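Structure first, commentary second.
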Amino acid sequence: MDQIKQARSHSAPAYLFLWLSILGLVTNIFTLQSEIAPAAKFGLIGVTVVFMFLWSLFFFGDKHIRYTLVIPGFVILFCVTTVPAIFLLYLSVFDVSLLNFKGDWSFVGLANYTYFLTKDKLFYGAIIRTIEYMVIVLGLQMVIGMGLALLLQREFRGRSFVSSVLVIPVMTCPIVIAMLWKYMYSSYNGFINLMLKNVGIGEIPWLTNQPLPWISQIPGIGNFLVTYLNANIGFAAAIIVNIWQWTPFVYLMFLAGLSALPREPYEAAKVDGANIWQTYWHITFPLLRPVIGVVFLIRIIDLMKVYDQIWALFGDSVTMRTLNIHIFSTGLTGQDYSKGAALSILVLVLIIGISFLFSNIGKWVSKRGA
């Protein structure tokens with residue numbers, strides 16, 4: 001017993017070394033000869049990890065219980081996030097396609113990256129389209145969501161029913177939402193065009209890249225907006241779908257934030273004679289700034305990886321291709337795995353950069369407000 005107690009007093013570095021050894025053992029199991037069935041490999045890994053987990057609980061006791069409980073989850077997270085990213089980075093510096101996937105891979109260095117930066121005619125269009133989509137959708141969702149939250153924060157009869165109805169799109173699969181809107185956009189018997197015909201507006205070709213009439217007719221810049229900034233009907237249709245589905249999420253976040261705000265500043269403002277706009281501008285928005293920052297970050301990350309809705313609406317249309325669709329078309333449809341991996345790394349860097357930029361802008365605004 002004394003030996004066990006003495007062993008349990010080992011330092012944290014020794015404990016971490018134990019789990020790193022387990023990770024090395026798991027890696028060795030993966031590299032066993034191909035004659036061993038994959039199911040047997042995974043079974044052996046599972047038995048090893050469970051045994052070492054239970055053994056470490058007994059051997060190290062409560063001294064390192066936080067490591068014992070956290071490290072298995074960390075290892076799983078590392079295997080499903082960091083390892084694939086490292087493999088993508090490794091794959092991106094070789095020339096790998098369906099033709100030589102099981103053969104020799106030629107080292108090409110940064111050639112796959114320079115291809116997108118200098119030769120790919122669709123890459124910059126996909127970047128502009130993705131960022132423009134993110135900015136327009138995010139701006140409208142924030143404005144509409146805030147308006148709904150301010151409108152529905154007061155108690156009234158039927159408030160719970162209205163909130164429940166608003167949240168239905170958020171709980172629905174995005175691909176289902178996109179297919180539903182695709183049928184409503186249809187030029188043959190779509191609900192939206194039927195309604196427009198009945199009120200005398202006429203049919204609108206929603207799922208096309210025809211220019212937006214009121215945009216293309218702007219003197220001087222109309223053609224530029226249509227050609228380079230996606231001022232077409234199809235792009236507007238995709239924006240409407242995302243706004244319809246995810247604005248309720250923004251509304252719920254803002255409503256929760258408004259419900260948690262203290263009442264004392266509002267009572268003081270009322271005594272001082274502040275009107276409703278002064279109250280919103282000087283009390284509500286500053287107090288709600290942390291919630292606004294969180295919603296901004298969540299929606300930016302989600303919009304930067306948009307894929308399913310646009311794919312369901314337009315397929316692999318070049319005029320509607322976002323970055324994620326470009327990755328799919330290059331790496332999987334085109335079966336050029338190394339270029340797809342390089343494009344994935346570029347998109348990852350872009351997302352991290354945009355998130356970092358908005359995060360620092362939020363901190364700067366907070367300091368200015370303080």
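At a glance:
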{"item": "For region 76-83, Karplus couplings with θ = phi - 60° (6.51, -1.76, 1.60), whole Hz, Gly/Pro x", "result": "4, 4, 4, 6, 9, 10, 5, 4"}
{"item": "Coordinate range along principal axes, alpha carbons of region 117-369, Å, largest first", "result": "65, 48, 41"}
{"item": "Stretch gain in nm, segment residue 183-residue 332, where the contour uses 0.36 nm per residue and the Cα spacing is subtracted", "result": "50.9 nm"}
{"item": "Convex hull (Cα only) mean projected area of region 205-288, reported in nm² to one decimal", "result": "8.6"}
{"item": "Sequence-distant residues sharing a close amide H with residue 94 (under 5 Å, placed H)", "result": "108"}
{"item": "FRET efficiency estimate (nearest 0.05) - Cβ-Cβ, residue 102 to residue 122, R0 25 angstrom", "result": "0.30"}
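Since every read-out is calculated from the coordinates, none of them should be taken as a lab result. What you are looking at is a predicted structure, and each value in this text was computed from that prediction instead of being measured. Virtual Cβ from ideal backbone geometry, glycine too; neighbours counted across all protein chains shown.
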